[in-house]
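Report on one structure; see the data block that follows.
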Amino acid sequence: MSLVAEYAVQMKCHSCAEKIKASLKDVEGITGFEVSYEKGTVLVESSLPSSVIQQKLESNGNTAVLKGYGGKLVKNRDRGDNVTTAAVAMLGYPVGFSKNMVKGVVRFVQADEDVCIIDGTIDGLTPGCHGLHIHECGDISQGCDSVGDHFDISGGCHGGPHDGPGKRHTGDLGNIKADEAGRAVFRLEDDLVKVWDIIGRSIVVTSNPDDYGKGVSEQSLIDGSSGERLACGIISRSAGLFQNAKQICACDGVTIWDERNRPLAGPGRRQPQSSL
């Protein structure tokens, strides 16, 4: 399923805009795009992970920042109101928690009433498959030990992402695969997860593959024998399409361009980039 992502892109001249158009043209997985030099924005309709699109946008030396993802609000048929359709979780220091320098970002976009897109990039993993799960609590005061069990509103035991209601936990997202450099780039589609149900909960990546509850041990029916919780982050509301007008952080004057390479909090945000 394709979604629209909105990027702020530093374009110094009209030729930069033309180079960006060339970098996006005929890319498999990109179904459309719009580049505005005047606004400094690029809209991309795609089924690719957002980090892959960002690499394309920056391939000519431009700096790109994801501003919004997924588009308009969705009418929730159960609650009968308009609710946020986008969320994000930061795994690792200083916002989340991490062991062994595992860190990354996971985004959630409610594409429609039935499908949630889970899009992420996680670094510092060992090569191979790792379990990815939503947990019931947004409490990382004791690291990943305080986030509770797998989030579930379907009344099921542990299962795989393709199992139906009652045959999996709602938060059972399956496995992501890290490459030889330890990076996992992924884009999943899930028909049980709803963004409005997971705000304030946590996302966790584990040391071992998830066996989807098909193993022989008792632990398989609890967490898929997926091992140690390596990193976690609290799932928070984020901007949807055209909902983020931010250019400069009001609290400290850091621009969106500098913010990406600086700590989210603390004195390091205000230091010149060359001193970091």
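Observations on the structure shown:
- For segment 135-143, the count of residues that are open to solvent by 20 Å² or more (accessible area, probe 1.4 Å), of a type in the set (A, V, I, L, M) and within 17 Å of Asn100 (Cβ to Cβ) is at least one.
- Here Ser146 fulfils each of the conditions (1) free of Cβ contacts under 8 Å to residues at least 12 places away in the same chain; (2) open to solvent by less than 10 Å² (accessible area, probe 1.4 Å) apart from (2).
- Boolean, Gly61 is open to solvent by 30 Å² or more (accessible area, probe 1.4 Å), on the phi > 0 side of the Ramachandran plot and free of Cβ contacts under 8 Å to residues at least 40 places away in the same chain: yes
- Residue list for segment 88-110, filter: open to solvent by less than 60 Å² (accessible area, probe 1.4 Å), part of a loop (DSSP other than H, G, I, E, B) and farther than 16 Å from Phe186 by Cβ: Gly92, Gly96
- Looking only at segment 159-180, and only at residues there that are out of contact with any Asp or Glu (no Cβ under 8 Å at 6 or more places or on another chain) and among the small types (Gly, Ala, Ser), the one that is least open to solvent (accessible area, probe 1.4 Å): Ala178
The values are calculated or read from the model by the stated rules, or taken from the named source; none is laboratory data. A quick note: this is a predicted structure, and the numbers were derived from the prediction, not measured. So basically every Cβ, Gly included, is an ideal-geometry build from the backbone, and we count neighbours across all protein chains shown. Note: accessible area is taken over every heavy atom of the protein model, side chains too, but ligands, DNA and RNA are not part of it. Shrake-Rupley method; radii C 1.70, N 1.55, O 1.52, S 1.80 Å.
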